[in-house]
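Quick notes on the structure that follows.
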Amino acid sequence: MNEHLKDDVSGKEISPVLWKAGIRLLLMVVVMLSILFLAAGRFDWWEAWAYAAMTMVILISSRLTLILKNPELALERVEAASQENVKTWDKILMPVTAIIGPVLSWIIAGLDLRFGWSPDLPDSIQIIALGVIFLGSGIGSWAMLVNRFFSSHVRIQTDRGHTVISEGPYRLVRHPGYASNILAWIAAPIFFSSYWVIIPAILVIVISIIRTAWEDQTLQDELPGYIEYAGRVKYRLFPGIW
């Protein structure tokens, strides 16, 4: 086990984890708002402010809770990309869902507002869509807080005593994190009133489904007890569907 982890648990070295997570969060929100407003060419865009506020609420509450409840996982999520046993295919797919897809959606949403490519939906419908995005983000945060092995990259965490998790949302589907992400992306084009945001949304959804299938196969092949768990929880993403 990484020597830092023992100190993290006792609280002696939790500050570095907090700082890394905090800096990433701050940079993400700043970059998000910068891209949205630069693409839109204006600041009086309530959707951008609402989206950023929702992101801040979800990320601050979930990450702060994670750092306090499970600093080992907070450190894992910060350092996972540098681990040697990360699956090669996930080094390609993960950035598409976490970086490329979101950045494309922010650029397209802003440009759509600037040039009026799509008709503006009623605010009430957009607010409902924002609620769906919030729900999806909340489910994802729940899954992360329940699953102490909820890494940002696909790898079998033998160094952390990786075991099967079957509590919380994992009682319903095997990959609630991906399911919640897909739910949020379905609502994103509606919230931004942009037909064109459908393009990055479809890209991320397709890649998420591929990641789900490949990660599930990895777990069945390499994680003891997962095949038995998969026999009990039949569906990967959505109950009754797949």
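For the stretch 3-232, compute the number of Lys pairs whose alpha carbons are separated by less than 21 Å, excluding pairs fewer than 8 positions apart on the same chain.
The result is 6.
Cα centroids of the stretch 69-105 and the stretch 205-237: how far apart, whole angstrom?
So the separation of the two Cα centres works out to 18 Å.
Sort 82-90, 197-205 by the packing proxy (mean of other Cβ within 10 Å over each peptide's residues), most packed first. Kindly include the intermediate steps, with their values, before the conclusion.
Details: 82-90: 12.8, 197-205: 19.6.
Going from most to least packed, we get 197-205, 82-90.
Taking the mean number of other Cβ atoms within 10 Å as a proxy for protection, how do you rank 119-125, 68-74 from highest to lowest? Mind showing how you got there, number by number?
Numbers: 119-125: 10.9, 68-74: 19.0.
Per-residue mean Cβ counts within 10 Å order the peptides as 68-74, 119-125.
What is the distance, in nm, between label points placed 7 Å from the Cα along the Cα-to-Cβ direction at GLU228 and at ASP120?
5.8 nm
Quick one: angle between helix 176-191 and the longest Cα principal axis of the chain, in degrees between 0 and 90, rounded to 10, please.
0 degrees
Compute the relative contact order of the chain as a whole-number percentage, counting only Cα pairs closer than 8 Å that sit 6 or more residues apart in sequence. Please report the intermediate quantities before stating the final value.
Details: 282 pairs, mean separation 55.9, N = 242.
Dividing the mean separation by the residue count of the chain yields 23 percent.
Just to be sure I understand the curve: with the Debye formula and one point per C-alpha of the stretch 91-200, what is log10 I(q)/I(0) at q = 0.12, 0.13, 0.18 Å⁻¹?
-0.51, -0.59, -0.93
Under a Cβ-only charge scheme (Lys and Arg +1, Asp and Glu -1), can you give me the dipole magnitude of the chain about the Cα centre, in debye to the nearest 20? Before the final figure, lay out each step's value.
On the way: 20 positive and 21 negative charges, 37 e Å.
Using Cβ point charges on Lys, Arg, Asp and Glu, the chain gives about 180 debye.
Would you work out which of ALA48, LEU104, PRO239 lies farthest towards the positive end of the dipole of the chain, given +1 charges on the beta-carbon of Lys and Arg and -1 on that of Asp and Glu, about the Cα centre?
PRO239
Kindly provide the helix-only [θ] at 222 nm of the chain, computed as the sum of -39,500 (n - 2.57) over DSSP H runs of four or more divided by all residues, to the nearest 500 deg cm²/dmol?
On the way: 10 runs with 163 residues, N = 242.
The helix contribution divided over the chain gives -22500 deg cm²/dmol.
Where does helix 123-146 land angle-wise versus the long Cα axis of the chain, in degrees 0 to 90, nearest 10?
10 degrees
Around TRP242, what is the net charge, scoring Lys/Arg as +1 and Asp/Glu as -1 over all other residues with Cβ under 13 Å from its Cβ?
Numbers: positive: ARG174, LYS234, ARG236; negative: ASP216.
Once positives and negatives cancel, what remains is +2.
Could you point to the residue in SER193, PRO224, SER208 farthest towards the positive end of the stretch 149-230's charge dipole, with +1 and -1 charges on the Cβ of Lys/Arg and Asp/Glu respectively?
SER193
Every number in this text was worked out from the coordinates using simple rules, so none of it is lab data. Just so it is clear, the structure is predicted and the values come from calculations on it, not from any experiment. Glycine gets a Cβ as well: all are built from the backbone with ideal geometry, and neighbour counts include every protein chain shown.
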